[in-house]
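Questions regarding the structure given below will be posed in turn.
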Amino acid sequence: MRGLLLVVSLVVLLVVGGCRTRVAGYPRDTYFGGAFSAVPGLGASIGGGKVLWHLDRADIALEAHLVRHPLDDTDFIDDNLGAPGRMTAVRIGAKHMMSPGRKRHPVFRWGAQFYRATGTPGIIDLPGDYFGFFVSAGFETELSRNWTVGPEISVAVMEGEGALETEVVPTLFWHFIFNF
């Protein structure tokens, strides 16, 4: 709940702050893509977003991602510790892209996250549903007018339902983004 409140507060601040278009017709208003992701386990994500604000030095978009890690360490080496389980996450938040219009630029993401753990998928000790927020930092490189790629490291802070404890979960991504 606190993560959702944080996202809503940030969106309100950005709307109140105003917007100015920097370059007319800049082709980064809608995007869709996927990413390879790791920790805990290995998997992929799929998602997209829409740029809502073109500020002087940044573009800010609202976006959503579905992350699924179907592979874990026992899929490669059996350590006789039992099956650790899988994870699925839904991330909804904002993407803050610095220096838009350049070939390379830093990217920051933040927002709310829902996380479901079956078994114990690595960092999470107990199965169940977790809610919280995430922050991330990354770097993107434009390969062409429409294709962008780049790494990201994300950290989610979540609380489990019921008597579960607060968990801090890092995740690595390598994004492949198609810009419309």
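Among (1) among the hydrophobic types (A, V, I, L, M, F, W, C); (2) more than 25 Å from Ala61 (Cα to Cα); (3) open to solvent by 40 Å² or more (accessible area, probe 1.4 Å), where does Met87 come up short?
It is condition (3) that Met87 fails.
Quick check on Glu152: is it within 14 Å of the chain's Cα centre (by Cα), within 21 Å of His96 (Cβ to Cβ) and of a type in the set (D, E, K, R)? Reasoning before the result, please.
Working: within 14 Å of the chain's Cα centre (by Cα): yes; within 21 Å of His96 (Cβ to Cβ): yes; of a type in the set (D, E, K, R): yes.
Criteria met by Glu152.
I'm told Leu126 meets every condition in (1) more than 18 Å from Ala38 (Cα to Cα); (2) part of a strand (DSSP E or B) except one. Can you identify the failing condition by its number?
(2)
Right, here's the next one. Go through the range 56-75 and count every residue that is modelled with pLDDT under 90 and either farther than 21 Å from Leu172 by Cβ or open to solvent by less than 50 Å² (accessible area, probe 1.4 Å) (or both). Working first, answer last.
Applying the first criterion (modelled with pLDDT under 90) to the range 56-75 yields 56, 70-75.
Still in the list and also either farther than 21 Å from Leu172 by Cβ or open to solvent by less than 50 Å² (accessible area, probe 1.4 Å) (or both): 56, 72, 74.
Residues that pass the stated criteria total 3.
For the range 93-111, state whether one or more residues are open to solvent by 30 Å² or more (accessible area, probe 1.4 Å) and on the phi > 0 side of the Ramachandran plot. Before the answer, list the steps.
Kept after step one, since they are open to solvent by 30 Å² or more (accessible area, probe 1.4 Å), are these residues of the range 93-111: 96, 98-99, 101-104, 106, 108, 110.
Subsequent filtering for residues that are on the phi > 0 side of the Ramachandran plot retains 99, 101.
Within the range 93-111 (the criterion being open to solvent by 30 Å² or more (accessible area, probe 1.4 Å) and on the phi > 0 side of the Ramachandran plot), the answer is yes, since at least one residue qualifies.
Okay, next question. Specify which of the listed residues (Val149, Val155) is farther than 17 Å from Ala94 by Cβ and surrounded by fewer than 16 Cβ atoms within 10 Å (Cβ to Cβ). Spell out how you get there, then give the answer.
Numbers: Val155 fails: farther than 17 Å from Ala94 by Cβ.
When all the criteria are applied, what remains is Val149.
Still on this structure, please answer the following. For the range 135-146, what are the residues that are open to solvent by less than 80 Å² (accessible area, probe 1.4 Å), assigned to a strand (DSSP E or B) and more than 15 Å from Glu63 (Cβ to Cβ)? Break it down into steps so the answer makes sense when it comes.
So the first thing to find is which residues in the range 135-146 are open to solvent by less than 80 Å² (accessible area, probe 1.4 Å), and the list is 135-138, 140-142, 144, 146.
Of the ones still in play, those that are also assigned to a strand (DSSP E or B) are 135-138, 140-142.
Within the range 135-146, Ala137, Thr141, Glu142 qualify.
Still on this model: Please state which of the following conditions Arg116 fails to meet, knowing it meets all the rest: (1) over 20 Å from Ile60 (Cα atoms); (2) open to solvent by less than 40 Å² (accessible area, probe 1.4 Å); (3) at pLDDT below 95.
Unmet condition: (2).
The values are calculated or read from the model by the stated rules, or taken from the named source; none is laboratory data. What you see is a predicted model, and the numbers here were worked out from it, not measured in a lab. Counting neighbours? That spans all protein chains shown, and the Cβs are built from the backbone with ideal geometry, glycine included. Protein only, heavy atoms only, side chains kept; ligands, DNA and RNA dropped before computing areas. Shrake-Rupley method; radii C 1.70, N 1.55, O 1.52, S 1.80 Å.
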